[in-house]
Amino acid sequence: MTNQNAIDVLIQAAIDGQISKSERKQLDNHLDQNPEVFAEYSEMLRQADLLRASIPIPSPEHLLNLRAKAERSAPLKQPMRMAASAALFAVGIALGNFFPVSSFSASSSTSNFAKHAHAAHSLYVTEVLHPVEVAASERDHLQTWLSNRLGAAIIAPKLGDTGFTLIGGRLLPTGNQATALFMYENTNGDRISLLATHGQNDTKQSFRFHEAKDYLTISWRDGPWQYSLVGSLDRDPMGKIAKNIHGQLI
Amino acid sequence: MLKSFDTQLEDCLSDLWRYAWSLTRDRDAADDLLQDCLERALRKRSLWLPVRPLKPWLTTMMLNLYRDDWRRNNRHPLVDLEKAGDIPAPISSAEDRLELQAIWSNVAKLPQEQRDALLLVVSAGLSYAEAAKVLNIPRGTLMSRISRARRKLKSEIDASGLKKIRSIK
């Protein structure tokens, strides 16, 4: 192997101590035959070691102390932080943050829909072969079909900016209403689902967060539409994704 | 079998602090950043999936926290290492200290994607696979960013004449 890139990769792996024995042999062979590359490698290694050694090492007592402080203030500090951040962000998501995380306790229709969304996502997210009925390759067909069944135009939002791409969608019943489910996936294999149904009372409701059994559900209403986004990500990316979707579906 | 949340947390505290230090380059700021990160982690504990290792999850959290809250609000402006008597004692030679100042200030000047890749591996002590996952990029991309970062640092030092001092000596 003399390809420049391949050697480069081996050099970095050697510097970081993440090189296998056979790779090490390959690298040593190459360095033996190329003194100028060896010089380069040695210099980078020396600098890397210097850099690593320059990062201070905290004492274990100091770390335990910091951890204890965090444990004491974790439940208390939160409302203060939220209040401060609310001033910075647009109404929607910040308002959502203000609502305490509930475990589907309120029996409103939003909460019922969130519960339904949670159940649907939990059921389909683990499906390797058939997570969806219609794949993203047939996006137009999927959107037309679901729009017809819901009785109003629905599009699958594009979440490229957030790292998620559409896998596809399916049709589900919610009570006596039709619900559309769109499932997305990122390169980590994390999956999130957006559920939408149409024909509720004409109301607006900002983001509500529900956490239960491994999933976070964010629900909101916009006129006759009701939406829930479900996934196992943190609030931070989920809230941003919900906001992104909200913007596209207005 | 994966270790418990608490045990894993304890195991990675030191690397997390070192990562916080390398982002902020200040001991007090590193304390604050780690504490913020731990508070967030403890609040979100229920969202952590026990089948996943904790360290990459926490490191991602710290990086996001730093990017979103810290740098934006400029809570702790980056300290120049010249002021910092912060370099640990084992590095005592004057040349090394000078060179380190230059290296760290060049690290600060690296394109963000290269700096992120380098520090996740060097100071947070993540494996290439873990660091790639934190940045949501393929491993090959991560490694080429690290390679470009190191080459850039080397050429800056080569150009600075610091090595000359060293070799004359």
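List of remarks:
- For segment A:34-102, the helices (runs of 4 or more DSSP H) that sit wholly inside it and include 1 or more residues that are at pLDDT 90 or above are A:35-54, A:60-86.
- Candidates in segment A:1-15 are the residues that are exposed (fewer than 14 other Cβ atoms within 10 Å of the Cβ) and not hydrophobic (A, V, I, L, M, F, W, C); of these, the one that is farthest from the chain's Cα centre (by Cα) is A:Thr2.
- Scanning segment B:110-120 for residues that are touching a residue at least 12 places away in the same chain (Cβ under 8 Å) and either assigned to a helix (DSSP H, G or I) or open to solvent by 20 Å² or more (accessible area, probe 1.4 Å) (or both) yields B:Glu113, B:Gln114, B:Arg115, B:Asp116, B:Ala117, B:Leu118, B:Leu119, B:Leu120.
- Which listed residue, of B:Ser46, B:Ser22, B:Ser14, is assigned to a helix (DSSP H, G or I) and surrounded by 22 or more Cβ atoms within 10 Å (Cβ to Cβ): B:Ser22
- Options B:Trp104, B:Trp57, B:Trp70; residue that is within 30 Å of B:Gly161 (Cβ to Cβ), assigned to a helix (DSSP H, G or I) and modelled with pLDDT of 60 or more: B:Trp104
- Residues satisfying the stated conditions in segment A:16-27, i.e. surrounded by 18 or more Cβ atoms within 10 Å (Cβ to Cβ) and either under 32 Å from the mean Cα position of the chain (by Cα) or not in a helix (DSSP H, G or I) (or both): A:Asp16, A:Ile19
- Answer from A:Thr162, A:Thr217 - the residue that is over 26 Å from B:Pro138 (Cβ atoms), at pLDDT 85 or above and within 14 Å of another protein chain (Cβ to nearest Cβ): A:Thr217
- Only a single item in (1) crowded, with 22+ Cβ neighbours inside 10 Å; (2) modelled with pLDDT under 95 is not met by B:Gly161, and it is number (1).
The values are calculated or read from the model by the stated rules, or taken from the named source; none is laboratory data. In this text, all values refer to a predicted model and were calculated from it rather than measured experimentally. So basically every Cβ, Gly included, is an ideal-geometry build from the backbone, and we count neighbours across all protein chains shown. Side chains included, ligands, DNA and RNA excluded: accessible areas come from the protein's heavy atoms. Shrake-Rupley method; radii C 1.70, N 1.55, O 1.52, S 1.80 Å.
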